[in-house]
1. Taking amide hydrogens as modeled 1.01 Å from N in the peptide plane, which residues meet the under 5 Å criterion relative to Ala29, leaving out close sequence neighbours?
2. Would you kindly derive the ³J(HN,Hα) couplings of the range 132-145 from the backbone phi angles with the Karplus curve 6.51 cos²θ - 1.76 cosθ + 1.60 (θ = phi - 60°), listing them in order in whole Hz, with x for Gly and Pro?
3. Quick one: net charge of Leu51's neighbours, Cβ under 9 Å, K/R +1, D/E -1?
4. I'd like the Karplus ³J(HN,Hα) series for the range 123-128: coefficients 6.51, -1.76, 1.60, θ = phi - 60°, whole numbers in Hz, and an x wherever there's a Gly or Pro.
5. Can you compute 3J(HN,Hα) from phi for each residue in the range 26-31, using the Karplus curve 6.51 cos²θ - 1.76 cosθ + 1.60 with θ = phi - 60°, rounded to whole Hz and x for Gly and Pro?
6. If amide hydrogens are placed 1.01 Å from N in the peptide plane, which non-local residues have theirs closer than 5 Å to the one on Arg67?
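Just so you know, all these numbers are worked out from the coordinates, no wet-lab data involved. All figures in this text were calculated on a predicted structure; none of them were measured in a lab. Cβ placement follows ideal geometry from the backbone for every residue including glycine, while neighbour counts extend to all protein chains displayed.
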Amino acid sequence: MPVHAHLRHFLALRLTEHGAAGIHPVAGAAGIEAKNTREWLYPDRQEIRDLLLKCCAIDAVPVLLARRLSYSTFSILHRTGVIVHETYNQRYPYADADLAELARHKDLLGYFDIRVGNEPDSRLDTFLHANLPLLIPPARARFEEYRDLLAKYAHAQVSYPEFAWRVRQRATGKDEDEPPETGWSPF
């Protein structure tokens, strides 16, 4: 069995065990990563490249769950077939409830968006079970269209500004190999 097929089977098994997604009957595999971090995720972060690298390798539509994402992260990745979802909260398991309370305390760190629990909240549950199955097929089409650029970006063969420029060029039907205008910035 080829390595990619092995990985795809493992991915489907892992996702099914957790009830998140698995293999979509029409669009195939989805690779879901949850980033439960304080920092906002921007498109040039290594965590984004790592997700893209894994999903391009196993032909899975990338799905990114994060506490907070910048608008540029949503904008550029959504256009390329990556499904993104903000949870707006950082979750701590019940075992770390005391630590969560310290981080939430207004005289200490004052993080108001910390939630304690081992199960997804209703918003995340709705996303995973109701919304995600509907989002995967159209994302698959975009992922296939931009997969070559996603793979180059994941492998650090192009910088973020070049990646963003090439995505914009492709989206508007313009030549990607034509140099960008002077002073152009993806930010």
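1. His24, Val61
2. Using θ = phi - 60°, the values come out as 4, x, 7, 7, 5, x, x, 5, 4, 4, 5, 4, 5, 5 Hz.
3. 0
4. With coefficients 6.51, -1.76 and 1.60, one gets 5, 5, 4, 5, 4, 5 Hz.
5. In residue order, the calculated couplings are 10, 9, x, 6, 10, x Hz.
6. Lys35, Thr37, Thr87
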